[in-house]
Amino acid sequence: MKEKLRKPLTALMMAWGTYLAIPCPYKVWDDALRPWQIVCLPPVGLVVGGIWALCAGIFAKLGFTGFLAAAILAAVPFLVTGFFHLDGFLDCCDAILSRRDLGTRQKILKDSRVGAFAVVCAILLFLFSFAALADCDFSYIWRALLLIPVVTRCMAGVAVESFAPMKTSQYAGTFKAGKTKRQRNILLGMYLAVMLAVFVFLFSRPSCALAVAWAGLVTILSCRAARKNLGGMSGDIAGFSITLGELSGLLILAVF
């Protein structure tokens, strides 16, 4: 029993240490469990969403709902993750918007320097996130903020487990050995469980339910589009899709 619990806990702590800026409560590493880090993305998303929703709830309770509050709330998911997924978003923006041949796009993706396309896209990302949250009722949207990071990571994980990686990706070496239908099915099961909870508990909050569902859809569609444009799946594409998925959820909350 202890062995059965040790492996999932180890994988979760590995994912925590990789994808969160919050100090890991139990530092441990096992190279054999690296492929299972992806399966732990949704629980990591729940930590992000929990902090995001808590901040929105506290701000609403204190009546702190102006532009400054919206700006802080827009920054929360990036601060909690240490800007981990934002890095992938910026790299993909530079590569995709360069409109070069495939080989050049892949080289740009791996270039550590930040280009003009990334800068402009980062400005637009924060501008739209801030504007969306400034138009929202914090006492209402915290329900969606709790679950949006979970569904985006479910769908990004499904993409990682389903789509062949590009040769230069960190996933290339473990795609055949480490990726299994079981892992993908676990992620899909998590996604379906979240969506069931959304439509059961948020049925009276249609904009929140729609925002969560839309965030998941945009994430998987972004993965497919970026994978096709860049010649395979990668961690940068996963970060790109998670970032776009979260933004799309905020826009739905603002519009509806």
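The values are calculated or read from the model by the stated rules, or taken from the named source; none is laboratory data. Keep in mind it's a predicted model, so treat the numbers as computed, not measured. When we count neighbours, we look across all protein chains shown, and the Cβ atoms used for this are built from the backbone with ideal geometry, even at glycine. The protein model used for the area step is the full one, side chains on, heavy atoms only, and it has no ligands, DNA or RNA in it. Shrake-Rupley method; radii C 1.70, N 1.55, O 1.52, S 1.80 Å.
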| task | Kindly indicate the residue of region 121-137 that is touching a residue at least 24 places away in the same chain (Cβ under 8 Å) and of a type in the set (A, V, I, L, M) and also surrounded by the most Cβ atoms within 10 Å (Cβ to Cβ) among those meeting that condition. | result | LEU133
| message | So, in region 14-42, exactly how many residues are under 22 Å from VAL158 (Cβ atoms), modelled with pLDDT of 90 or more and of a type outside the set (S, T, N, Q)? | response | 10
| Selected residue (only one of ALA118, ALA131, ALA71 is in contact with a Cys (Cβ under 6 Å, 6 or more places away or on another chain) and over 30 Å from ALA11 (Cβ atoms)) | ALA118
| query | With region 1-108 as the region, which helices (runs of 4 or more DSSP H) entirely inside it contain at least 3 residues that are closer than 22 Å to PHE128 by Cβ and hydroxyl-bearing (Ser, Thr, Tyr)? | reply | none
| field | Checklist (1) modelled with pLDDT under 95; (2) surrounded by fewer than 20 Cβ atoms within 10 Å (Cβ to Cβ); (3) closer than 25 Å to VAL80 by Cα applied to VAL198, failing item | value | (2)
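Here is a yes/no grid of residues against (1) under 21 Å from the mean Cα position of the chain (by Cα); (2) under 24 Å from LYS181 (Cβ atoms):
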residue: MET13; (1), (2): yes, no
residue: CYS24; (1), (2): yes, no
residue: ASP30; (1), (2): no, yes
residue: ARG34; (1), (2): yes, yes
residue: GLY50; (1), (2): yes, no
residue: ILE58; (1), (2): no, no
residue: PHE64; (1), (2): no, no
residue: LEU68; (1), (2): no, no
residue: ALA71; (1), (2): yes, no
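I'm trying to understand the selection: among the residues of region 43-85, which are among the hydroxyl-bearing types (Ser, Thr, Tyr) and either modelled with pLDDT of 95 or more or open to solvent by less than 40 Å² (accessible area, probe 1.4 Å) (or both)?
Selection gives THR81 alone.
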